[in-house]
1. How much length, in nm to one decimal, is gained on full extension between residue 387 and residue 167, taken as 0.36 nm per residue of separation minus their Cα-Cα distance?
2. By average Cβ neighbour count within 10 Å, what is the ranking of 407-417, 121-131, 640-650 from highest down?
3. For the range 24-96, would you read off the P(r) tail past 18 Å as a percentage of all alpha carbon pairs?
4. Can you work out D for the range 3-588 in µm² s⁻¹ from Stokes-Einstein, where Rh is the Kirkwood radius over C-alpha pairs, the temperature is 37 °C and the viscosity is 0.692 mPa s?
5. Once a ≥ b ≥ c are taken as the square roots of the eigenvalues of the Cα gyration tensor of the range 22-180, is the result rounded (a/c under 1.5), prolate (a/b larger than b/c) or oblate (a/b not larger than b/c)?
6. Among 61, 436, which comes first, then next, by fewest other beta-carbon atoms within 10 Å?
7. Residue separation times 0.36 nm, minus the C-alpha to C-alpha distance between residue 117 and residue 436: what's the value?
8. Going 7 Å from the Cα of residue 668 in the Cα-to-Cβ direction, what parts of the range 156-188 have a backbone nitrogen less than 18 Å from that spot?
């Protein structure tokens with residue numbers, strides 16, 4: 001076993017103890033037993049009762065009515081249009097009802113067979129989130145347990161709703177309102193315990209995951225992912241151990257390792273597995289003097305499900321300096337490896353290596369590159385540590401071109417594991433970036449703008465490879481690729497595998513495709529007429545198998561990716577305001593149709609405007625710092641906020657000030673920036689009017705330089 005996984009290896013004993021406790025809990029709370037049966041990995045597939053469907057998060061359903069022979073008859077059964085806002089989210093389905101969150105955590109309940117809206121609940125995030133509107137855009141899923149729906153919000157609330165009518169039952173505040181954080185992941189509910197973390201590495205804050213009682217909202221336990229100030233003492237021995245892997249005064253200027261996405265549960269040992277995110281700041285030399293592994297940044301951590309106590313961990317990228325989260329989905333399986341049956345967990349994190357780990361002991365079983373990797377040559381199986389390439393850490397003022405980039409070889413869009421084929425299906429990415437140190441003195445931010453302590457640049461304009469993607473079928477038992485379907489863009493959807501021998505995936509060009517799970521052959525394709533990056537699900541309602549997926553980019557693009565590749569995505573005719581956000585539901589024999597694809601509006605006429613290069617460049621700096629995360633680099637709008645080049649508001653000085661400075665649209669999700677006013681605000685508006693002119697007349701000389709393709713400034 002590698003050194004990184006050698007701590008507290010006592011899984012077998014605690015597993016037996018947890019089984020006894022689990023049995024006792026089931027006797028005390030009968031409703032939990034029925035709920036647990038729906039989320040077991042062996043469940044029938046009639047419901048999709050949790051994110052990933054089951055405790056093992058496999059994104060697999062055994063349903064086979066739609067199969068290799070019948071998929072050609074698959075058609076649209078119904079669709080539902082959604083308002084502006086995030087729609088890159090995975091629904092769940094229980095007893096013939098779909099539940100999903102769109103926009104700013106607005107929960108919808110819909111009859112799965114007819115598409116009829118049953119109820120809708122709005123937590124009014126825009127009126128609560130304040131500054132945290134600057135750092136998040138909605139959630140990627142909801143949870144279910146014993147007649148309740150659970151949703152997180154941008155301002156840190158975890159809300160339990162009555163699944164029958166959408167009425168709130170309880171609310172827990174999971175982090176302080178002043179913290180630079182937001183909830184983006186789906187709550188996971190394991191054995192009556194609701195687990196929730198948060199996103200955000202934009203300031204000094206320690207990551208953690210919290211378990212709440214599903215019935216009452218009472219906090220059960222909390223596990224911190226990085227140590228705090230040693231003078232204040234440590235919460236447990238795990239934090240004391242972790243502190244030895246940090247250097248300098250990290251608790252004053254850094255933080256990170258949020259648990260924003262990945263969780264799974266093994267009921268046999270009552271073990272919760274979490275994946276932790278990147279540190280703040282990203283630059284290892286700044287946050288920890290370039291020393292130490294910095295536990296538990298970018299780690300897979302096993303916890304006691306009842307108490308939250310640490311069991312073991314594995315860290316794929318010790319001392320991470322590239323934003324290589326380990327928050328991509330963790331999936332559990334039983335595999336035969338080297339002739340022996342093993343209970344494993346699997347992950348394809350950002351760093352480009354596919355990991356297979358014994359989920360009882362923490363032993364590393366396999367680590368092979370599943371994508372192009374240049375930052376390390378291989379993983380040393382004796383130590384469990386990557387063997388880094390010389391110069392990959394961009395030291396001494398020398399930049400380094402690294403693959404994968406901070407977008408990762410796999411991002412949040414989930415992979416799927418099929419017990420039928422024994423293969424994992426990964427929405428893989430080929431995306432490189434150039435890292436270099438930030439000029440000047442680094443200081444932690446306090447206003448929700450990001451400063452990771454380095455510059456990240458990329459894109460064809462800088463001579464780097466164009467980003468692409470693929471659907472990759474990977475054998476975890478053999479540690480190798482089986483087949484690969486190439487995509488022209490890196491931004492592609494989550495994956496669903498089924499007992500019908502199919503693999504479903506959407507792509508940013510609007511295609512929704514069913515592939516043969518064994519060969520990758522295209523068997524069926526549908527034009528969704530909008531980007532599809534959300535993971536699809538399948539379930540039964542009124543005796544019929546349905547497949548559902550949501551369209552729309554929403555929160556699917558990181559600001560780094562949109563800054564470097566916005567124009568490439570824009571070529572698909574994507575505009576945040578006009579793109580279709582819909583629920584698409586398919587069934588055999590479906591005959592419903594969709595309207596034609598929407599067309600982005602033209603930029604407003606601006607007769608008499610003459611761009612001033614000095615004002616436009618000053619406005620570009622302000623835009624990059626405050627606006628590009630939502631509105632895209634150089635105002636190429638492909639992400640969450642509207643494309644401001646096409647907005648008539650930029651022609652109205654007072655209206656623009658009311659929105660940006662005074663926050664009259666804050667309740668709708670547009671944060672206010674009271675620090676922007678006067679000449680700064682006018683320069684910002686001048687920059688946007690200049691960019692609108694560039695769009696109207698691409699041949700004219702631009703008042704601002706081309707896209708910087710930079711993050712962390």
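1. Values: separation 220, 0.36 × 220 = 79.20 nm, distance 5.29 nm.
Going from the current span to full extension adds 73.9 nm.
2. Details: 407-417: 27.3, 121-131: 18.7, 640-650: 21.9.
Final packing ranking: 407-417, 640-650, 121-131.
3. On the way: 1520 of 2628 pairs.
Cα-Cα pairs in the range 24-96 separated by more than 18 Å: 58 percent.
4. On the way: Rh = 23.5 Å.
The estimated diffusion coefficient comes to 139 µm²/s.
5. Values: a/c = 1.97, a/b = 1.26, b/c = 1.56.
Oblate.
6. On the way: 61 29, 436 16.
With the fewest neighbours first, 61, 436 line up as 436, 61.
7. Working: separation 319, 0.36 × 319 = 114.84 nm, distance 5.02 nm.
Stretched fully, the residue 117-residue 436 segment lengthens by 109.8 nm.
8. Answer for the range 156-188: none.
Only the coordinates and a few stated rules stand behind these numbers; no lab work does. Model, not experiment: these values are computed from the prediction. All Cβ positions, glycine included, derive from the backbone under ideal geometry; neighbour counts span all protein chains shown.
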